[in-house]
Amino acid sequence: MKRMIVHCEPGSTEMVLFEDDKLVEYAAERSQKRGLVGSFFNGRVVNVIPGMQAAFVDIGQKKNAFLYIDDLLHPNLEKQSKLKPSIAELLRPGQELIVQVIKDAIGNKGARVSTHYSLPGRWLVYMPSAGYVAVSKKIGQEEERWRLKAIGEELRNADEGLILRTVAEYEAREAIAEDLALLREQFALILAKGERVSAPTALHHDLSMVQRLMRDAYSPETDEIIMDSPEQAEEALLFLNSMFPGTPPRVIAYDGEVPLFDFYGVRHQLDRDFQRKVWLPGGGYLVWDQTEALTVIDVNTGKFTGGDNLEDTVFQTNLEAAQEMARLIRLRDTGGIIIIDFIDMESDQHRSVVLDKLDNCMRGDRTQHHILGWTKLGLLEMTRKRMREESTVAIGEASPTSRANSKGKFNGYS
């Protein structure tokens with residue numbers, strides 16, 4: 001069972017996701033500083049830099065967006081030329097083109113954009129010119145994978161690409177076809193607007209943070225959403241009813257005396273989980289250090305002495321650390337290169353079990369990630385896709401109204 005808890009106040013929204021009573025995701029969004037990932041723009045090329053095989057594109061933001069040549073070539077690798085052309089052969093300053101933001105501006109860097117367009121729906125991701133069908137790797141049953149792939153091949157047009165999402169497992173063909181039709185219509189509207197307006201102009205914005213989570217993770221049969229804004233709760237209800245017709249969603253408007261995040265212990269958990277030093281339930285602890293280049297997580301035994309011998313103590317601490325850091329990586333939305341310094345283990349079997357533990361615990365993470373394995377120095381390497389700045393708890397801490405709002409009783413919507 002999943003539970004979304006959403007705290008709303010003027011100008012900002014905070015959201016957390018619990019899975020089986022464990023806090024696994026946190027996100028905050030300010031209305032005046034909303035992320036752009038997934039948004040489409042009619043952009044104008046400002047500079048073309050052959051030496052970098054890249055161009056800078058004006059999309060109407062403070063900083064020009066970065067377009068790398070690999071994001072300009074055909075999205076299907078099999079249809080690309082074996083000899084990569086110079087970007088100067090493909091773009092010129094002043095040229096207008098439709099681009100999609102794939103990575104928000106972070107620090108001094110502008111947003112990264114692409115012409116490999118994709119529109120996510122409930123059951124699939126629509127790629128207008130990718131030319132292939134793929135099925136989420138998280139769907140393990142081979143027979144179901146073949147069924148979904150066959151449905152995708154049947155539904156797509158010649159040049160279209162589809163990715164069947166994890167939630168599409170065992171879903172009816174009719175629902176998938178309806179989702180595809182809506183996404184085709186949405187993309188047609190984007191292209192039509194792009195022809196009418198001059199650059200730089202926004203053509204389409206992705207859903208809000210809360211709507212994205214409802215689209216990607218909500219199941220009306222088992223999950224619930226709790227919000228401390230009656231207006232936002234009604235909007236969520238309308239959104240979910242359009243997505244799941246015939247299945248009444250469980251949306252609850254909270255109006256309790258205790259602030260919503262305090263009532264569910266969210267603020268306390270966030271304060272604990274975003275510390276540099278995070279204690280493990282068994283007495284060990286993690287030390288979390290982040291630089292511009294990478295994130296390093298160090299595992300220590302701390303107060304844990306539960307093993308029969310030193311090797312067993314180390315092994316048990318590392319197992320517990322693997323499970324907890326998988327949750328924290330997702331909660332903090334840590335991206336880029338991640339180096340994990342587990343406590344040294346002498347047994348190859350123990351190293352293998354710890355690696356498998358981390359891999360299994362990371363499977364619930366919707367963000368693309370790769371666990372690369374052990375280095376010669378005994379460190380574990382992994383990467384996780386970074387699309388937005390890493391989560392902080394600044395909104396809740398900085399806003400005195402966040403603890404003063406959200407008062408009253410529960411009111412359910414159905």
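The values are calculated or read from the model by the stated rules, or taken from the named source; none is laboratory data. From a predicted model like this one, the values you see are computed outputs, not experimental measurements. Note that we place each Cβ from the backbone using ideal geometry, even for glycine, and neighbour counts take in every protein chain shown.
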Exercise. When you go through (1) farther than 24 Å from GLY107 by Cα; (2) aliphatic (A, V, I, L, M); (3) modelled with pLDDT under 95 one by one for LEU358, which number turns out not to apply?
Worked result: (3)
Seminar exercise, completed: Taking the stretch 24-60 and keeping only residues that are β-branched (Val, Ile, Thr), in a strand (DSSP E or B) and within 22 Å of the chain's Cα centre (by Cα), one is left with VAL24
Problem set entry | LYS63, sole failed condition from (1) touching a residue at least 12 places away in the same chain (Cβ under 8 Å); (2) closer than 25 Å to GLU185 by Cα; (3) over 18 Å from the mean Cα position of the chain (by Cα); (4) part of a loop (DSSP other than H, G, I, E, B) | (2)
Problem set entry | Complete set of residues in the stretch 149-176 that are touching a residue at least 24 places away in the same chain (Cβ under 8 Å) and assigned to a helix (DSSP H, G or I) | ILE151, GLY152, LEU155, THR166, VAL167, ALA168, ALA175, ILE176
Exercise. Is it the case that VAL101 is within 20 Å of GLY194 (Cβ to Cβ), within 23 Å of the chain's Cα centre (by Cα) and among the hydrophobic types (A, V, I, L, M, F, W, C)?
Worked result: yes
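From the list ILE252, ILE225, which one is outside the structural domain of LEU380 (by TED's automatic domain parsing), part of a strand (DSSP E or B) and within 21 Å of the chain's Cα centre (by Cα)?
After ruling out the rest, the residue left standing is ILE225.
Only one of ARG327, ARG267, ARG272, ARG351 is under 30 Å from GLY121 (Cβ atoms), charged (D, E, K, R) and not in a loop (DSSP other than H, G, I, E, B). Can you tell me which?
ARG327 is the lone residue from the list that is under 30 Å from GLY121 (Cβ atoms), charged (D, E, K, R) and not in a loop (DSSP other than H, G, I, E, B).
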Exercise. In the stretch 120-144, which residues are crowded, with 20+ Cβ neighbours inside 10 Å and assigned to a loop (DSSP other than H, G, I, E, B)?
Worked result: GLY121, ARG122, TRP123, PRO128, ALA130
Exercise. (1) assigned by TED's automatic domain parsing to the domain that holds CYS8; (2) hydroxyl-bearing (Ser, Thr, Tyr); (3) part of a loop (DSSP other than H, G, I, E, B): which one isn't true of TYR117, the others all being true?
Worked result: (1)
Seminar exercise, completed: Scanning the stretch 177-218 for residues that are of a type outside the set (Gly, Ala, Ser) and assigned to a loop (DSSP other than H, G, I, E, B), the one farthest from GLY43 (Cα to Cα) turns out to be TYR218
Exercise. For residues in the stretch 245-274 being buried (at least 17 other Cβ atoms within 10 Å of the Cβ) and out of contact with any Gly (no Cβ under 9 Å at 6 or more places or on another chain), which is nearest to ALA326 (Cα to Cα)?
Worked result: ASP273
For this session: Just give me the residues in the stretch 227-251 being more than 15 Å from ALA217 (Cβ to Cβ) and of a type in the set (A, V, I, L, M, F, W, C), in sequence order.
Result: MET227, ALA233, LEU237, LEU238
